[in-house]
Structures are given as structure tokens and as C-alpha cells.
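The structure appears below as C-alpha cells.
The values are calculated or read from the model by the stated rules, or taken from the named source; none is laboratory data. Fair warning: this is a prediction, and the values are worked out from it, not measured in the lab. Please note: Cβ atoms are built from the backbone with ideal geometry, for glycine as well, and neighbour counts cover all protein chains shown. These accessible areas exclude ligands, DNA and RNA; they are computed on the full protein's heavy atoms, side chains included. Shrake-Rupley method; radii C 1.70, N 1.55, O 1.52, S 1.80 Å.
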Amino acid sequence: MLVTLHGIARAAALARRVGTDHSGLALIEFAYALPLLLTIALAGTEVANLAITVLRVNQLAMLAADNAARVRSSIDDTDINEIMTGMRFAGSGIKFGNYGRVIISSLQANGQTGNKAGYKIDWQRCFGAKSTTSNYGVAGTGATTAAIPYGVKPGGLATNVAEGTVPTPNGALITAEITYTYHPLIAPAFMAQRDLHATQTFPVRDRAQQTLTNNTAIATANQRLCDNNHLSAT
């Protein structure tokens, strides 16, 4: 009987020590919280990467439009190839050539009168393996009709004078439209693939001849045309 009572007392004492022992509690709490903390950290990393990619896509659009607008005297397909080579290197960190496309257009007055007066896309060049089209139309749009009466705005054609951006008289306006498919850094569970868009416009500076030439006789296969036969990451 004494042995039994003694055993009960020892068991009770052990239970009291266990009840008041907090060693290892922090580790257990951390183990419970770790999945939530890891999820928040990974999601935050994905959001930050998306924000950086959006910034880089906008910078690439600005680079394309600015470089095409600053070519002096006249512009040739060799100039376009140099600009697109720069785009390929500048966008290599996000694999822009593989997942994106830039469309450079030159907007000019169409020289028409009356109800046909407006603006035209005189020429258009592209780079990237992603299949997409311009929000403004293809080369030749507006050449003989008022298809572009008020100029352009980000994302499409202007519908009134107040919102339209137009070239200066006898000048040209360069637009660069980019579409880029964002691929998640970690896993689609945190963020799905999505298309990012950016548009930049720059007026041409100090260029007397706005028509795009091909003085070096670059073969059609090597020109940066915008049809599906010229989809290329390089």
C-alpha cells in the first residue's frame, strides 16, 4: 500500500513538473507558424519580382521608342536591326526575346484632305517570339482614309482631339508597344502567368526623311517585319 501511494506521489510530482516546463515551447510554436511564414515570404518574393518585371518592361518600351526617335537625318533597316539587337540584350534578364514582342510604329500625317485627313502608320517593325498585334493597326493603316483621325493614346486609337497624341507637322511620332508574358518566379500556386503591356511614344527629333529605307538591301528574311514568319527570339 505504501509503495502504491509513493508511486502515485511521484507520478503527481512528475505531472506538475511537466505542466510547468516551458522548454521547447518556442520551437513547437515556430514549427506551427513556419508554413504560414514561408507562404507569406514566397508570396512577397513573387509580388516583388512582378513589380520589378513591370518596371523593366516599361523601361524596354521607352528604350525602343526613344532609340527609334533619335536616329538623325534618315532611318534605315540597319538602324532598326541595331535597335532590336539592343532590345535583345537589354531584355535578356527576363528572356524578353522568348516571351515578349515589341512593335515599333511610325505615325505621320497621311497628306489627305477633307474627310480623309488624318494620320497613317508609315512603317512598322517588330522583335520577339510572342505572337501579338498592334493596338494601332498594321503598316499602311490610315494612308488613304481617316482611320486614325485623332492620333493615338496608350492602348489604342484616340477618339477625340483632347486625348490624342500626334506628330509635329512634317514630323513623325514613334510608338513602341510591348506585350510580355510573365512567368512566375516560384510556382503558379502563388501567381499565374499573365501578359504585361507597356506603351511609350516619342517625337522624332531632327530627322528630315521619315520614310524607312533599306539602302543596304537587307533580305526580307532578315528584316524585322511584323508577320508571323518573323517571330524570333533573336
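Scan the stretch 147-185 for residues that are of a type in the set (Ser, Thr, Tyr) and more than 28 Å from Ala233 (Cβ to Cβ) and jot them down.
Taking the stretch 147-185 as the starting set, the residues that turn out to be of a type in the set (Ser, Thr, Tyr) are 150, 159, 165, 168, 175, 179-182.
Answer for the stretch 147-185, where residues must be of a type in the set (Ser, Thr, Tyr) and more than 28 Å from Ala233 (Cβ to Cβ): Tyr150, Thr159, Thr165, Thr168.
Does the stretch 141-169 hold any residues that are of a type in the set (S, T, N, Q) and either free of Cβ contacts under 8 Å to residues at least 12 places away in the same chain or surrounded by 19 or more Cβ atoms within 10 Å (Cβ to Cβ) (or both), and which are they? Break it down into steps so the answer makes sense when it comes.
Residues of the stretch 141-169 of a type in the set (S, T, N, Q): 141, 144-145, 159-160, 165, 168.
If the condition is that a residue be of a type in the set (S, T, N, Q) and either free of Cβ contacts under 8 Å to residues at least 12 places away in the same chain or surrounded by 19 or more Cβ atoms within 10 Å (Cβ to Cβ) (or both), then Thr141, Thr159, Asn160 are the ones that fit.
Across the stretch 190-214, what is the number of residues that are open to solvent by 80 Å² or more (accessible area, probe 1.4 Å), at pLDDT 95 or above and farther than 30 Å from Thr45 by Cα?
Result for the stretch 190-214: 0.
Those residues that are open to solvent by 70 Å² or more (accessible area, probe 1.4 Å) and in a loop (DSSP other than H, G, I, E, B), I need them from the stretch 113-140; list them, please.
Residues satisfying the conditions are Thr113, Ser131, Thr133, Asn135, Val138.
Regarding Ile178, is this residue touching a helix residue (DSSP H, G or I) at 6+ places or on another chain (Cβ under 6 Å), among the β-branched types (Val, Ile, Thr), outside any loop (DSSP other than H, G, I, E, B) and in contact (Cβ under 8 Å) with a residue 60 or more places away in the chain?
Considered against the rule, which asks whether it is touching a helix residue (DSSP H, G or I) at 6+ places or on another chain (Cβ under 6 Å), among the β-branched types (Val, Ile, Thr), outside any loop (DSSP other than H, G, I, E, B) and in contact (Cβ under 8 Å) with a residue 60 or more places away in the chain, Ile178 comes out as yes.
In the stretch 85-110, which residues are under 30 Å from Thr145 (Cβ atoms) and either in contact (Cβ under 8 Å) with a residue 60 or more places away in the chain or surrounded by fewer than 20 Cβ atoms within 10 Å (Cβ to Cβ) (or both)? Break it down into steps so the answer makes sense when it comes.
The initial filter retains those residues of the stretch 85-110 that are under 30 Å from Thr145 (Cβ atoms), namely 101-110.
Once the filter is applied, which keeps residues that are under 30 Å from Thr145 (Cβ atoms) and either in contact (Cβ under 8 Å) with a residue 60 or more places away in the chain or surrounded by fewer than 20 Cβ atoms within 10 Å (Cβ to Cβ) (or both), the stretch 85-110 yields Arg101, Val102, Ile103, Ile104, Ser105, Ser106, Leu107, Gln108, Ala109.
Taking the residues in the stretch 29-61 that are of a type in the set (Ser, Thr, Tyr) and modelled with pLDDT of 80 or more as candidates, determine which candidate is least open to solvent (accessible area, probe 1.4 Å).
As a first pass, look at the stretch 29-61 and keep what is of a type in the set (Ser, Thr, Tyr): 32, 39, 45, 53.
Those still in the list that are modelled with pLDDT of 80 or more too: 45, 53.
Numbers: Thr45: 66, Thr53: 8 Å².
Out of the qualifying residues, it is Thr53.
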